[in-house]
Amino acid sequence: MPPAAPSGRPADERPIRARVTLRLAAIMAAGAALLSLLAMGLQYRLVDLRMTEAQRTLLAADLDGLAALYEQRRIIALREAINYRSATSGGEEMFLLLDRRGEVLAGTLPSWPEGLDAQGQGFTVDPAREILVNGQPWLMVARELPGGFPLLVGRSLAPVDQTLAALRHGMLGLLVAIALAAAGVGWLAARQVMGRIGRLNDLADRVAAGDLDARLPGPRSPDEFGLLERHVHQMLDRIANLNRATHRLSDTIAHEMRTPLNRMLGRLDRIEGQEEVVREARAEMRQAIRVFDSLLDISRAEADQGIGGGLVPVDLSQVAGEMWELYEAPAEEKGLIPRAEIAPGLRVLGDRNLIAQMVANLLDNAIKYCAPGDSLTLTLFAADRHVLRVADTGPGLPEGMGEEVFERFTRAERDRARGIKGHGLGLALVRAIALRHGARLSLPRTDRGLTVEIAWPRAPA
Amino acid sequence: MTDRILIVEDDAEIAAAVTREVEALGCASVHRDTLESGIAEAAAGDYRVIVLDRMLPGGDGVEGMARIRAGGSRALILILSALGRAANRVEGLEKGADDYLPKPFEAEELRARLRALLRRGTMQVLDNDLMAFGELEIRLKARTVHVRRAHVAVSPKEFELLIYFARNAGQVVTRMQLLENVWNLHFDPGTNVVDVHVGRLRRKLEEAGSQAIQTARGEGYIFAPLPPAGV
C-alpha cells in the first residue's frame, strides 16, 4: 500500500465530549439512586417490623385482659366484655366468641372466617396469624377455649399498611429527587472536567495546525489538571526547541558549506587556460549543492508533515499546467509523445513552490528514462480526492522494485550500468512533498512503463 | 554621476569578489560587514542597489529589509545568501527583496543580475505598444512578433520569453534569471529545460531571418538584435 497520509482527527469532537458528560451524569445518577434505595429499603423494613410489633403488643394486651376475665367468670365474663368492646370498638379490633354449636355468642363478625382453624387453648399471643378479612389485613389469634368455645381476637394491620404506603410514596419521590440531583451534579462536574480537557484539546489542535508556539493562557491551577497542562507545555517547549534547532542546523550547514564553495568558485574564475577543467569543476559543485538542497528539502518537508501551517489555497490545475508547459517541449525534443489532460480549477491547500518542484521531478524523471516513441501523459482529475497522475510507457521499475523507489538514494542497478546520472533523491522528494500535503502517493500497476499517482485532499471550499 | 552600490557582507573574500563585479560595471561600492552598520549606511548614502547578505552579525538581512526601507532608502535590494534553497528564495522575495541570488554564485550571474537591477531603476514606463529592434518588431497589445514584416508564430510562453529578452536587450541573461522571471520558478530543475524553450524561439526567429538571440559565453544568452555599431 502507498504510504498513507496522516489520518485526520475525528471530525466532530463536541458530540464526543457531550457523550462523556452524559455518561458521567448517568453513572452518578444511577449510583446515588442505588445507594439511597438501599438505605431507604433498610429503613422501610425497620418501620414495617416495628409497627407490626406494636400491633402485636396491643393484641397481647387485649388477650391478657380477656384472660383475666376468663379466670374470674369464664365464658359469661368473656361474652360481656366482648359485647362491650365490640360496641366501643373503632374498627381496629376484632372479637368473636362462639358456643359449642358454632352460634355467635358475641363479637364484631357475623360468622367465623373461612379457612381459619383454632390453634391451642390459652390466651398467649403466639401463635398469631396475618390473614385478610373482607380485603383488610388483620393480625389474628384463634383459640378453642375449654368446653368447645372458639374465640377469635384480632388487631387491624391496615394502619401499618397505610403508613408503609405513605412511606413508599415519599421514598419514591425522594429517590427521583436524589437521582436528578446526582445527575445534575455529575453533569456539572463532568462539564467542568471536560471543559479543562477541551482546553488541552484545543491547544493540541492549534499546535497541529502549525502554531507550535501556542500555549494555554493564565496560571496553572495547583491540581492534576494544572500538572497535566504543565507537562503538555513542557513537551511543546521541547518540540519547539528541537524544531528551532533543526532549522538553525540546516541554515548553519548551508552557510558553512556554501560560503567556502563560494570562495572556491571565485578562485576557479581566476584560473586561465584550462576552461574544460573549470567548467567540469563548476558543474560538480552545482551538482553537490543540488543533492544537498534536495536532502534538506526532504528533511524539511518531512519535519513539517502533518502540520497545516504555511499551506495556502493553490490552484493545482494551474501549477500542473505551468509545469507541463515547461516540460512538454523537452519531451517532444526527445521524441516522446506527450499528452496532458488537466481538469481546470482544482484547488488544494499547499505550497506552490513545493508542488511545482514535485511535478517537475516526476516529469523530469519520466523524460530521463523514456526512449523516443514512448508516450508521457500528465492527467489531473477530480474524484473524492484530486488525482494527479504521471504515466509513461518507458522501462518502468526494475523487477522486484516497488515502493522503495521513494526511499532516499535508491537507484536501480541497470541505471548505473546504463550511465544514467542521478542520486535517487528525486522520487524521495516527491514523496516527502506528498506527505507534507497529506496527499497519498501510489504506484498503480500498469502493463508498461511507470505510473505515479498522487491523491490530494481537496481544499476546503 | 556614478551609481553607488552598497555591499553588506561579512565574508571579506566574497565582499571583495562582489566589489570587483560592482567596479567592473563602473559603479562605486561601499562595503559594510554588519547588519546594523549596513542599515545605517543605507539610510545615509544614496544607493541604487544594495547587495545584502542574510546570516550577518546582528541578524538576518531579510528581516533588516523593512528597516532599510523605513530608513528612506529607495535602493533595489539583491539578497546574496548561503540560504539558497527554493523555500529561502521565495521567502526573501515575498518579504520584499527585488532579487535573490544564492551562494555560491558565478561572477557572470551576479553581473547579469546587477545590470538588470540597474536597468530596472532607469527604465522608463513605456506606453508605447511597439518594441522595435531593427527588423524585429514586437507588438505588446496584439502579442505579435514580426521579422522583416513577416509574422512569426510564437507560443504565449515564447512571447513572454522574448519580452524578457527584449527588456534586457544587449545584456547577458542567465538561465536562472529566465526560470525565475519567465516561469516564476525558484528551484534548479536539473536538466536544462530552459535551453529547449530558448532554442525553439531562437530557431523560429532564425528561420524568419533574425539572429537576435545568441548564446553568451558561460551561463546564458544575449539578446542582441542590432549588429554592434561600427563593426
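The values are calculated or read from the model by the stated rules, or taken from the named source; none is laboratory data. Because the structure is a prediction, the values reported are computed rather than measured. Note: ideal-geometry Cβ built from the backbone for every residue, glycine included; neighbour counts use all protein chains shown.
Taking the criterion of being touching a helix residue (DSSP H, G or I) at 6+ places or on another chain (Cβ under 8 Å) and not hydrophobic (A, V, I, L, M, F, W, C), the residues of the range A:180-198 that qualify are A:GLY184, A:GLY186, A:ARG191, A:ARG196, A:GLY198. As for the range A:113-120, it holds no residue that is touching a helix residue (DSSP H, G or I) at 6+ places or on another chain (Cβ under 9 Å) and assigned by TED's automatic domain parsing to the domain that holds A:VAL141. A:THR52 - would you say it is loosely packed, with under 14 Cβ neighbours inside 10 Å, in a helix (DSSP H, G or I) and not basic (Lys, Arg)? No; evaluated as a whole, the condition is false for this residue. The strands (runs of 3 or more DSSP E) found wholly in the range B:95-143 and carrying at least 2 residues that are at pLDDT 90 or above and under 21 Å from A:ASN262 (Cα atoms) occupy B:99-102.
Kindly indicate whether A:ASP126 is without any contact (Cβ under 8 Å) to a residue 24 or more places away in the chain and among the acidic types (Asp, Glu). For A:ASP126, the condition - without any contact (Cβ under 8 Å) to a residue 24 or more places away in the chain and among the acidic types (Asp, Glu) - is met.
Being at pLDDT 85 or above and under 30 Å from B:SER81 (Cβ atoms) is a property that holds for A:ALA281.
Scan the range A:283-312 residue by residue and report those that are part of a helix (DSSP H, G or I) and either assigned by TED's automatic domain parsing to the domain that holds A:ASN361 or more than 18 Å from A:HIS423 (Cα to Cα) (or both). Across the range A:283-312, the qualifying residues are A:ARG300, A:ALA301, A:GLU302, A:ALA303.
Could you tell me whether the range A:244-260 includes any residue that is within 11 Å of another protein chain (Cβ to nearest Cβ), touching a helix residue (DSSP H, G or I) at 6+ places or on another chain (Cβ under 6 Å) and assigned to a helix (DSSP H, G or I)? Looking for residues that are within 11 Å of another protein chain (Cβ to nearest Cβ), touching a helix residue (DSSP H, G or I) at 6+ places or on another chain (Cβ under 6 Å) and assigned to a helix (DSSP H, G or I), one finds at least one in the range A:244-260, hence yes.
Please determine whether any residue of the range A:273-283 is aliphatic (A, V, I, L, M), in contact (Cβ under 8 Å) with a residue 24 or more places away in the chain and within 13 Å of chain B (Cβ to nearest Cβ). Checked the range A:273-283: no residue is aliphatic (A, V, I, L, M), in contact (Cβ under 8 Å) with a residue 24 or more places away in the chain and within 13 Å of chain B (Cβ to nearest Cβ). Only residues that are surrounded by 15 or more Cβ atoms within 10 Å (Cβ to Cβ) and within 60 Å of the chain's Cα centre (by Cα): list them for the range A:107-135, please. The one that is surrounded by 15 or more Cβ atoms within 10 Å (Cβ to Cβ) and within 60 Å of the chain's Cα centre (by Cα): A:ILE131. The numbered conditions (1) over 24 Å from B:ASN88 (Cα atoms); (2) more than 9 Å from chain B (Cβ to nearest Cβ) are all true for A:ALA303 except (1).
What are the residues in the range A:61-95 that are among the β-branched types (Val, Ile, Thr) and within 24 Å of A:PRO159 (Cβ to Cβ), if any? The answer is A:ILE82, A:THR88.
Inspect the range B:10-29 for any residue being among the small types (Gly, Ala, Ser), touching a helix residue (DSSP H, G or I) at 6+ places or on another chain (Cβ under 9 Å) and away from chain A (no Cβ under 14 Å) and give the result as yes or no. Checked against the condition, which is being among the small types (Gly, Ala, Ser), touching a helix residue (DSSP H, G or I) at 6+ places or on another chain (Cβ under 9 Å) and away from chain A (no Cβ under 14 Å), the range B:10-29 yields at least one hit.
Looking across the range B:3-35 at every residue that is over 21 Å from the mean Cα position of the chain (by Cα) and assigned to a helix (DSSP H, G or I), the one that is nearest to B:GLU109 (Cα to Cα) is identified as B:GLU13. Evaluation of A:ALA142 against the conditions (1) free of Cβ contacts under 8 Å to residues at least 60 places away in the same chain; (2) within 30 Å of A:GLY41 (Cα to Cα); (3) more than 25 Å from the chain's Cα centre (by Cα) shows that the sole unmet condition is (2).
For the range B:167-193, filtering for residues that are assigned to a helix (DSSP H, G or I), within 10 Å of chain A (Cβ to nearest Cβ) and over 20 Å from B:ALA107 (Cα atoms) leaves 2. Here A:ASN361 clears all of (1) in contact (Cβ under 8 Å) with a residue 60 or more places away in the chain; (2) surrounded by fewer than 22 Cβ atoms within 10 Å (Cβ to Cβ); (3) facing another protein chain (nearest Cβ under 9 Å) except the condition numbered (2).
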